[in-house]
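Data first, discussion second: the structure below is written as structure tokens.
Where a number appears in this text, it was derived from the coordinates with a stated rule and is not lab data. The model shown is predicted, which means the values in this text are computed figures rather than measured ones. Positions of Cβ are backbone-derived with ideal geometry, glycine not excepted, and every protein chain shown enters the neighbour counts.
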Amino acid sequence: MKVDWPATSGPALTAATALIAVFVDRNVMAVPNPAPLLVCIVAFAGSMSGLVSGLISAAIAVAASALFFLIHRSAPGYDSADLVRLAMLVLTAAGTAAITGLFRKRMIDAFAWERTLYTTAERLSAALDEVDIGIVLLDADTRAEFINRAFRHYFSLPDEKADSKPPFIALMYHGRDTGAFELPEDELSAFIARRTEMMRSGDSTPINIKLADGQVLRFSCTALPDGGRMLSYTPVTDLIRHSDDPANAEFYRSLRGGAARHLRAAE
């Protein structure tokens, strides 16, 4: 049979301390009532193993203290002062066990909830990495808390930079410096300023962004309740490029199905 050592350690330590105190008091020298020390052990038991272990330890502590009262009395039985002290000890030990045991339960529940949230966040992150829509989550200071794989691919963003929580403006400058946008150089500054203003104001009006490799992304910004932003970059190349030069149709069709990823890798 498997023994639950954490659950038994508190009561066992309480009993051992009480027995040692009685032995020393009877055979070595007189010692004071170990009730304060036993209450500390009750707190230890409740914090380590929960309410049940704490209450068992409290019961042992009260019984040991009652024995000490009896041993050190010259007359048999207890007087009213002893009973008052025992009653206070019962309340103190039981209260200590209840407080520490319930606090431990709340702490364990909080850890379990946090673990559940972490697992859910990991699963959601993995799911968002599988979609072909670029997703960026910004905090209230416009720093990127999450950047999925699609966005990193579209803008050739290295993992080291993406994982460093860059500000939104740094992402825009990265796209400019790598020549990601299909825009004349003299229009890039105005384009970045307009995009930044839309993001800060939470403007949800979608705009189309043409990339230098021929792809077209539909950008939209969603304001979040905590002051952050969710930015989405949906590929709409087939919807936009149908009006372009027909001679380039085969090239734009080749951008679907992952061909663009290989083109980027080759570059």
*Working only within region 148-170, note down all residues that are touching a Leu at 6+ places or on another chain (Cβ under 7 Å) and either under 21 Å from Gly227 (Cα atoms) or exposed (fewer than 13 other Cβ atoms within 10 Å of the Cβ) (or both).*
Asn148, Phe168
*Would you please name the residue that is surrounded by the fewest Cβ atoms within 10 Å (Cβ to Cβ), looking only at residues in region 182-208 that are aliphatic (A, V, I, L, M), within 11 Å of Met172 (Cα to Cα) and within 35 Å of the chain's Cα centre (by Cα)?*
Ala193
*Before we move on, is Ala45 surrounded by 20 or more Cβ atoms within 10 Å (Cβ to Cβ), in contact with a helix residue (DSSP H, G or I) (Cβ under 6 Å, 6 or more places away or on another chain) and part of a helix (DSSP H, G or I)?*
yes
*When both residues are 6+ apart or on different chains and their Cβ atoms are under 6 Å apart, which pairs have a first residue that lies in region 148-159 and is at negative phi, and a second that is buried (at least 18 other Cβ atoms within 10 Å of the Cβ) and among the aliphatic types (A, V, I, L, M)?*
Asn148/Leu128; Asn148/Ile135; Phe151/Val136; Arg152/Ala162; Phe155/Ala180
*Taking the residues in region 108-160 that are of a type in the set (Lys, Arg) and assigned to a helix (DSSP H, G or I) as candidates, determine which candidate is nearest to Asp213 (Cα to Cα).*
Arg152
